[in-house]
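Derivation of every value follows stated rules applied to the coordinates shown; laboratory data play no part. Every value quoted in this text rests on a predicted model; they were computed, and no experiment measured them. Because the Cβ atoms are built from the backbone with ideal geometry, glycine has one as well, and the counts that use them run over all protein chains shown.
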Amino acid sequence: MKIKLIVLLLVLKSVNSFSQVNLAGSYGLDPVVQIFLETIHAYQGPPIQELPLNIARQAMEDLQKEVSVNQYVFIEHKSIPFLDRELNIKIIRPKKRKRKRLPVVVYFHGGGWILNSFSTHKRLLADIALKAEISVVFVEYSRAPEVKYPIANEEGYATLLWLEKEGKKNKLDSSNIIVCGDSVGGNMATVVAMMAKNKKGPNLLAQILLYPVTNANFNTQSYEKFSKGHYLSRDAMIWFWNSYAPQMELRNLPTVSPLKATKEELKGLPRALIITAENDVLRDEGESYAKKLREANVPVISTRYGGTIHDFIVLNALKETEASKAALNQICTFLKNTFSKKRDK
């Protein structure tokens, strides 16, 4: 595969977060991932957490903009009520099925609660909608540091309530909902699932957590091994956490750090698919959360993809790697099987 090197060079020349490092400690990197990381390492610049906020955000937009959305999806923009204002969402569905009421994935994007948007994720969302033949509802939640915990989670739960009330008239099957998210979006997906459980609805069939943030602990083995030079750094994660939940006492709450939840608090959550990346600071906390869910009798499929890095499913530059293609297939198969089981009952 050809990486979009021109885009990478233009963006990363000014926003490179990494110093020159030896990648020998990495686990058998895919050649495309290796080139991606080497391209990053070739350019020196201030870490992303030291950039002006607007430049940091634009850098991620530029990195992802080279891939167009599949022409076979229909994208609808909506505003739904939240407190005394409106919350924006996007609905993505296959054009050939846009008149049918489809099962729904509610998607929360990653980016440290600070970065990324619909534009950075639209290729992946379109791929999921087409391959699984479903609708994807993308929540444009309020980002940090302007807005902090718990507002983004409350916006996510408000989206579920809107689906429950207005789904049918919008050709969305509110009896078939799965929450999904990548990185901090995975954190939000499982937290919103906790909220739905505690508030007695809406009912969720499953949760899909892609290399999720589950704990504010920067000293796991995967943090020690991959803290620099593997795309997502420890310093960036510290910046993300300080922007979203600056008060340390908040980080012990299960709705901030799901790994801190008790078995009783996790019991009754929907079944989970958890995907992690081998060369990722977040690997261990994602796998620890899978283990804790199992201990709470939540059915879990947990898969670690080798030879790749954080964000490998979302990054357009890595979309043709074997790990990314296999993970997309696994996600869509899980969706089809879960929705099919619900229909068969």
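Below is a table of values for the structure above.
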| read-out | value |
| --- | --- |
| Relative contact order [Cα under 8 Å, 6+ residues apart], the stretch 284-345, whole percent | 18 |
| Most fluctuating residue given options 139, 67, 256, as computed from a GNM of the chain linking Cα atoms under 10 Å | 67 |
| Karplus (6.51, -1.76, 1.60) ³J(HN,Hα), θ = phi - 60°, over the stretch 89-103, in Hz, Gly and Pro reported as x | 9, 10, 10, 10, 8, x, 4, 5, 10, 5, 8, 9, 7, 10, x |
| Magnitude of the charge dipole, the chain, Cβ model with Lys/Arg +1 and Asp/Glu -1, debye to 20 | 1720 |
| Least to most buried among 149, 27 (fewest other Cβ within 10 Å first) | 27, 149 |
| ³J(HN,Hα) computed for each position of the stretch 68-83 - Karplus, 6.51 cos²θ - 1.76 cosθ + 1.60, integer Hz, glycine/proline x | 7, 6, 4, 5, 8, 10, 10, 10, 10, 9, 9, 10, 10, x, 8, 6 |
| Calculated [θ] (222 nm, deg cm²/dmol) that DSSP helices of n ≥ 4 give over the chain, each run adding -39,500 (n - 2.57) | -12500 deg cm²/dmol |
| Cross-link table 122/169; 90/228; 165/336, entries beyond 26 Å C-alpha to C-alpha | 90/228 |
| Gap separating the Cα centres of the stretch 250-306 and the stretch 79-93, nearest whole Å | 28 |
| Share antiparallel - DSSP beta bridges, the chain, percent rounded to 5 | 35 |
| Residue-count net charge about residue 121 - beta-carbon cut-off 10 Å; Lys, Arg +1, Asp, Glu -1 | +2 |
| Cα centroid separation, the stretch 129-178 to the stretch 218-248 (Å) | 27 |
| Entry for mean projected area of the Cα convex hull in nm² (calculated from the structure that is shown) out of [x] 18.7; [y] 16.2; [z] 22.8 | [y] |
| Cα-based helix-to-principal-axis angle, 118-132 vs the chain, degrees rounded to 10 | 60 |
| Of 88, 176, 198, the one that fluctuates the most in a GNM where the chain has Cα springs shorter than 10 Å | 198 |
| Around residue 262: net Lys/Arg minus Asp/Glu count, Cβ-Cβ under 11 Å | +1 |
